[in-house]
Every structure is written in structure tokens, then in C-alpha cells.
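*Asks:* Encoded as C-alpha cells, here's the structure I'll be asking about.
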Amino acid sequence: MHRLTWNDDPVSPPPPRVIDAQRALADAVERLARPRVLVPTMGALHAGHLDLVDKAASVGGSVIVSVFVNPLQFGPNEDFDAYPRHLAGDLEALAGRGVDLVYAPTGRDMYPLGAPRVTVQPGPAGSAYEGKVRPGHFAGVLTVVAKLLLRTRADIAVFGRKDAQQVALVRQMVADLDLPVELVVVPTRRDPDGLALSSRNAYLTAAQRSQALALPAALSAAASAAADAVPLDAVKAAGLEVLGKAGGIEVDYFDIVRPDDFQAFGAEDWGQGLAIGAIRVGTTRLIDNWPIGIVGKEG
Ligand code: PAF
């Protein structure tokens, strides 16, 4: 009788190759077809991450997914220890999706000399919103993203639009430091009820999950107000009203910003904006954003 193996079982494609050390990675990337497309993640992969991977695979070069919960981007009272880690499940999710290799380094492999003394500082766009609530967060993100780009020698890197401030800052880093990489940004994946997918949704109880829906509802209210061409203040007020009426949440911020530099829209500004918000539901912090067009004072 013929026994099925990884290679001939049509329902279980093999998981991608995993590399956990910088040196082995350097050898492996050398042999990958160009363009090398990197999808940087912290694991706990959900359908939103898989959209990024599918986008990377559609380019037609080779695909590297990094899985690393980066201690440098977590504050001392944040969820670094609790952050979900499921490498086996991640590999299963990536099987059959055209991923050439997964780089899942240890902390020591990523930071062999301990916490780096030289880091990438995010500049002015990194000190508001997420950067204000989470001091040091973006220096941690940019430092590890720079290291991942260099280690994988990525030609293209794919990011999710849900972390819009991160995207803006990575874009600035790439431009300011002449990093030879092209960025591709993929729209946010949402559950049917509107909640943006996030690895942190796993922390929510059923009741908290329905309270969390206030965030996409607020963004959508702001977008509808903007579509009615009301002034900026009224657009913001529409979103804040939804958040104000919601129970069980605390609002870290809600604002309308310019997507490229995360400066708040002023009364005189118009054009493409981004409604952004961050809330806490219990101990879980969630962020989300929604593109909106703001008409000028003249309408
Ligand atoms: O967006 C994330 O998951 C992380 O911030 C990233 C880009 C993988 C860096 O650790």
C-alpha cells in the first residue's frame, strides 16, 4: 500500500524552511531568486498577515517571512511576555503559500551584543500618537526593520496599512537612509463586523470584542461625515461621539492626520487624510485607521 508523504499529500503542503541564525540566513538569501520580498511579522499570523504573504508571492521573486517578537519595541509595562507565540501554527498557515523561507531568529541572534547602543530614531513623526503613548516603540520598530532589511537583503518589503504610523516612519527611514528597498502596503483585513484583524484580538473576551467595535464604528462615522463634506471639526466630532457613547473602552487618541507625516490636520488643511484611533479595552490596546478625504473650508 502506498503511504502518503509530505510531498504527495494534496491537502498538506510542506511547511516552509525555517532559519534561526543570521549566518545560515546569509547563505540562504544568496541563493534566492530576485526580487527577494520580505514580509516582516511578529508571528501569531492571521488572515491579515496572509494577505501580505500572498501579495509578496504575487510579485514572482522569492518570499521571506520573518517571525520575531522584537523586545526593543515593547515598553517595560507592555505585553512582550504575553505576546502570542505559535511558530508551529504560523508555519502551518504559511505552507503552500509560496514562502521560500521563514527567518525566526532568537533574541540573541538578532541582538548578539545585547540591546543595541545605536538605534534608528524616528524623528518628529514618531513622537505623536503611538510614539507618544509608547515611548521608544518606533525606535525599536525601525531598528529591527533596518536589521531585517539588511540581513535578508530584501528588494521589496510588504507592510500592512493597519499600522499606518509604522508605515509612514518606515517610508521615511527608507528615504532618509537611502535604503535600497521598495515598500508595498496592503489594505487592512477586517472581520465581517468591521474589527481590524490583529494578533492582540486574541486577548479579548467576547464582551470586550463587541466593545472594541466602537473603534471601527468611530472611524466609519468620521468617514461618513467627511463624505458629507462637513468641516474638519465636525468630522472629528462624529468619530469622538461614537467613542464617547461606547462602554468599557478608554480612548488613547482619535484624530485626523496627514498619512505621510502624521501631522494633525488643521482647520485650513484639505485633501487625503487618515482618521486614526487607539483604544484600550481592559488591558488590550487596539489601533485602527481609515482613509478619508477632507474638503477645504470653502467646501
Ligand atoms: O508590524 C509588526 O508586526 C512589527 O512592528 C514589525 C514590522 C514586524 C517589526 O517588529
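*Asks:* For the stretch 42-66: of the residues being in contact with a strand residue (DSSP E or B) (Cβ under 6 Å, 6 or more places away or on another chain) and under 11 Å from Ala93 (Cβ atoms), which is farthest from the ligand (Cβ to nearest atom)?
*Replies:* Val53
*Asks:* Ok, one more. When Glu130 is evaluated against the numbered criteria (1) within 14 Å of the chain's Cα centre (by Cα); (2) within 14 Å of the ligand (Cβ to nearest atom); (3) within 21 Å of Ala56 (Cβ to Cβ), which criterion, by number, is the only one it fails?
*Replies:* Only one criterion is unmet by Glu130, namely (3).
*Asks:* Is there a residue in the stretch 230-249 that is touching a residue at least 60 places away in the same chain (Cβ under 8 Å) and open to solvent by 50 Å² or more (accessible area, probe 1.4 Å)?
*Replies:* yes
*Asks:* Against the definition (within 16 Å of the ligand (Cβ to nearest atom) and within 21 Å of Leu183 (Cα to Cα)), how does Tyr103 come out, yes or no?
*Replies:* Considered against the rule, which asks whether it is within 16 Å of the ligand (Cβ to nearest atom) and within 21 Å of Leu183 (Cα to Cα), Tyr103 comes out as yes.
*Asks:* Checking Asp255 against (1) assigned to a loop (DSSP other than H, G, I, E, B); (2) of a type outside the set (Phe, Trp, Tyr); (3) crowded, with 16+ Cβ neighbours inside 10 Å, which test does it fail?
*Replies:* Just one mismatch for Asp255, condition (1).
*Asks:* Among the candidates Gly75, Gly98, which residue alone is more than 22 Å from Leu183 (Cα to Cα), among the small types (Gly, Ala, Ser), at pLDDT 95 or above and part of a loop (DSSP other than H, G, I, E, B)?
*Replies:* When all the criteria are applied, what remains is Gly75.
*Asks:* Tell me, please, whether a residue that is without any contact (Cβ under 8 Å) to a residue 24 or more places away in the chain and either open to solvent by less than 30 Å² (accessible area, probe 1.4 Å) or closer than 20 Å to Glu182 by Cα (or both) can be found in the stretch 43-59.
*Replies:* yes
The values are calculated or read from the model by the stated rules, or taken from the named source; none is laboratory data. Quantities reported herein were computed from a predicted structural model and do not represent experimental measurements. Quick reminder, even Gly has a Cβ in these numbers, built from the backbone with ideal geometry, and neighbours come from all protein chains shown. Keep in mind that these areas ignore ligands, DNA and RNA; they rest on the heavy atoms of the full protein, side chains included. Shrake-Rupley method; radii C 1.70, N 1.55, O 1.52, S 1.80 Å.
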